[in-house]
Structure formats: structure tokens, C-alpha cells
């Protein structure tokens, strides 16, 4: 069964510093997608970044980058130059790829609560 | 800026009452997902539609939950009768599905349901 693991329930980082949020996954499918979402205290789920299993390069989106290590089955999120507005819950998720055309649901980790300190 | 919209944003109701949550997916998206978020279970899929057809509702309690897409711009999730254990945040997400892959899923703001 597919599984996402986020081992850090909470983290602190100083403003302007970089922070890495860990995510490991387990799947037997050769084709899959990995996502990171941000959930601020207001509750909405905001898409941050996507990495496909066949992508050769690590994904980047502005201050967000994904450190994709396929052999280790890890997809850590790196936030550079942290800002106060980055304080939120961060979820790693994996999309199932079902060749039968059925569910392409997201499987979520338990999340990491990031607090950026001034 | 295209967004998924959900109504109502908050709902407080009494046990036994019917609850209907609505979702308008992003225009042009052909897949719609309903997720539920609780402290105990985290985020879990309830139901999933592609091109308005239900493809997977295995995560949904069939006796009290129902999900429909009357048209491409509206998805509904109904609970009848509601129970206190249904208290949660219900998210709708939409995406564009090509072949067997679904592109990035964009979430709505959620409906926070409290059943007393």
C-alpha cells in the first residue's frame, strides 16, 4: 500500500533562514507524483510544488524547491529565506497512478507545523 | 484568478439534520474530489468524479453520505442524517484529468461542519 510519512510534527526556523521539511514515501508503482501543500491557520489548502517520478530535475517554484531522492524515496521541501507568512502546516502528498483509469486520489502525510520566528 | 469555491464556509447543525455542501470547480477542470479533514484521521478521500461520473466513493459512508455532480459547474456532498462524528472540514478539489493521470488538484477553502 502507498504511504506518506512526515516525521516532524513541528519545526521552528528563524526568519530569513532556510528550512527543510522531510517527507518519505512508499509505493511499488514506477510512476507517481509528489506534491506539497501549505495550510495556514485560515484553513485553505494551497498547492506549492509538484515532482513527477520521472522528472530528471528537482522541482522549484520561487522560494520552494523539492529535494527529490528517488532511491531513498524522499521528497523533502526546502523553503529558502523564510518569511513570517510561511508559518503554517505543510502536507506532503502522493498521487496514485492507476492505469485502470480509476482513482487518482492524493494520499497525505500527517503534516509538519512550521513556525517562523522573527 | 481561477479558484474552487465552496459553500457554506461554516455550518453548525443538530444531529439528525440534513447537510448539503456545494462546490464549484475551476472552469475547465474535469475532475472533482471531496476530502474530509479531521484531527484523528487527517485528510481522507470521500468521493471522486471525472467528467461528472462518480469513479470512486469507497471512502464515503454509503448509508448517510451521497455525492453528485448535477452539472459541470456544481458538485454536492450531502449528509442525511448528520451525526456528531461527521464534524470535520470538508474540502472540494478540482483538477484536469488527461488519460489516466490527474493533474494538480486545487483545493477550495473548505466547509467547516459542526454537528451538535
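The values are calculated or read from the model by the stated rules, or taken from the named source; none is laboratory data. This structure is a prediction, so every number in the text was calculated from the model and none was measured. Positions of Cβ are generated from backbone atoms using ideal geometry, with glycine treated the same way; all protein chains shown enter the neighbour counts.
Some points to look at:
- Residue in the range B:36-46 that is over 14 Å from the mean Cα position of the chain (by Cα), touching a residue at least 12 places away in the same chain (Cβ under 8 Å), more than 15 Å from residue A:45 (Cα to Cα) and outside any strand (DSSP E or B) present: no
- Residues being at pLDDT 95 or above and within 13 Å of chain B (Cβ to nearest Cβ) - total across the range A:62-107: 5
- Of the listed requirements (1) at the interface with another protein chain (Cβ under 9 Å from one of its Cβ atoms); (2) under 13 Å from the mean Cα position of the chain (by Cα); (3) closer than 28 Å to residue A:32 by Cβ, residue B:54 misses just one: (1).
- Flag for residue A:37 being more than 14 Å from chain B (Cβ to nearest Cβ), under 24 Å from residue B:31 (Cβ atoms) and modelled with pLDDT of 95 or more: no
- Identification of strands (runs of 3 or more DSSP E) wholly contained in the range A:8-103 with 2 or more residues that are without any contact (Cβ under 8 Å) to a residue 24 or more places away in the chain and more than 30 Å from residue B:49 (Cα to Cα) yields A:64-69.
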